[in-house]
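The values are calculated or read from the model by the stated rules, or taken from the named source; none is laboratory data. Every value quoted in this text rests on a predicted model; they were computed, and no experiment measured them. Cβ sites come from the backbone with ideal geometry, for glycine too, and all protein chains shown count toward neighbours. Quick note on the areas: whole protein, heavy atoms, side chains included, nothing else; ligands and nucleic acids left out. Shrake-Rupley method; radii C 1.70, N 1.55, O 1.52, S 1.80 Å.
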Amino acid sequence: EVALVVHSAAPGAVVRAMQRHRGSAGLQRDACRLFERLANSDSCETRLMECGVGEQVVEALRAHRSDKAVVRAALGALWNLTLAIPHKARFMQLEVGKDILDMLAAFKDHAELAGAGLGALSNLANCKGHDAALNELQAPRVVLQTMRALPDDAEVQREGSRCLGTLGFSPGSKVPLIKLGACQALADVLDNFSSSPRVCVEACRALGTLSSIGDEDLDSGLFAGVPQVCAALESRASVKGLSSPLAREACKALMQMAKARALRPGIMSTCLDVIMQTLRLGAHPQVDLFAVTAIHNLALDTANVVSLLRREAHEYVMKALTHHPRDPVVCVAVLETLACLCRGGERAASAALAKIGAADQIRRVL
């Protein structure tokens, strides 16, 4: 039914009505609400944009920027109209990013409006070059202010976390975001919404994105989130749970964090047992891949190798080979990790691997 409406003459007629009655807040509000509901698929979104809906929604937002109901409806429409890459580019040409940020700053105590605005902003940022442009408009600062103003709203925290992740894609944006307190904000999200996988998965994903920076850029005192990501992974420590998106994103975040030398001691002391428990269960090849790679990254610091061997990390790495012998990506990760342990541990590593018959298992897989 939605597709029938979208592909009829109705959207064009509504756009013309909005143009004739620009001063009617009620009409602009109801029209934006209609377009929010109609933009529920790529084909519908494209058809609406062809009818001039995007430009008209932006005009309604600007003309009625002090009307909370119109602003909420317009941001909701933009949230659904900014999914396709060509449409993101069109909205960036219209410079709607600044309008969204202005509305978030003006109505930061309105949860429903803030959730829609953050969702639209995240969609816009999720395209090459757009994140840098939005960072220049101080988007991270506004996002964090919005999240802090509404700490108990799940949608605001989920979309805010997603927004921080997309704004942190650019290499040059990660350190400024960390210095603004983004990692601590995401750690707080994981603490406060530990029972909500949909919220936690976005926070874990964003922490993983922000942590993929060079050691020279990372001051461990600026970084938070390792214990919370570990707790999120631990909360999914079952065969069924480890197949979930949250387990994948949490394990991936730990893998990224382990690349940073400054974070390795914290991961060794807090998370290694959870990573090995994940490998013991062998629930999902992608989760095991991230877990094995996390151990590989920890072993890059040769000071960790003896401790890893003492805690039998190599045995758990080999379990990934047992669980997924026909997955070439997992197998390569296991072999690279074993080689890294051998380089760092030399005789101790060779003896530990010989004791568990690693060579025979590797031959069988090959």
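Observations on the structure shown:
- If you check SER195, SER243 for being under 27 Å from GLN286 (Cβ atoms), without any contact (Cβ under 8 Å) to a residue 12 or more places away in the chain and open to solvent by 10 Å² or more (accessible area, probe 1.4 Å), only one passes: SER195.
- Evaluated against (1) open to solvent by less than 10 Å² (accessible area, probe 1.4 Å); (2) of a type in the set (D, E, K, R); (3) closer than 23 Å to HIS21 by Cβ, LYS68 falls short on exactly one condition, (1).
- Residues (open to solvent by less than 20 Å² (accessible area, probe 1.4 Å) and among the aliphatic types (A, V, I, L, M)) located in the stretch 50-65: VAL53, VAL57, VAL58, ALA60, LEU61
Here is a yes/no grid of residues against (1) acidic (Asp, Glu); (2) modelled with pLDDT under 95; (3) more than 27 Å from LEU134 (Cβ to Cβ); (4) touching a His at 6+ places or on another chain (Cβ under 8 Å):
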| residue | (1), (2), (3), (4) |
| --- | --- |
| VAL6 | no, yes, yes, no |
| GLY12 | no, yes, yes, no |
| PHE35 | no, yes, no, no |
| GLU45 | yes, yes, no, yes |
| HIS64 | no, no, no, no |
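- If the condition is being touching a His at 6+ places or on another chain (Cβ under 7 Å) and open to solvent by 70 Å² or more (accessible area, probe 1.4 Å), then the stretch 319-361 contributes only GLU336.
- Enumeration of residues in the stretch 273-319 that are under 29 Å from the mean Cα position of the chain (by Cα) and part of a loop (DSSP other than H, G, I, E, B): GLY282, ALA283, HIS284, LEU300, ASP301
- Comparison of ALA231, ALA185, ALA139, ALA125 shows that the only residue that is in contact with a helix residue (DSSP H, G or I) (Cβ under 8 Å, 6 or more places away or on another chain), open to solvent by 20 Å² or more (accessible area, probe 1.4 Å) and among the hydrophobic types (A, V, I, L, M, F, W, C) is ALA231.
- Residue check for ARG37: under 17 Å from ALA10 (Cβ atoms), of a type in the set (Lys, Arg), open to solvent by 10 Å² or more (accessible area, probe 1.4 Å) and under 27 Å from the mean Cα position of the chain (by Cα): yes
- Of residues in the stretch 125-183 being of a type in the set (D, E, K, R) and without any contact (Cβ under 8 Å) to a residue 24 or more places away in the chain, the one nearest to LYS108 (Cα to Cα): GLU136
- Residue within the stretch 284-305 that is surrounded by fewer than 24 Cβ atoms within 10 Å (Cβ to Cβ), small (Gly, Ala, Ser) and touching a residue at least 12 places away in the same chain (Cβ under 8 Å) present: no
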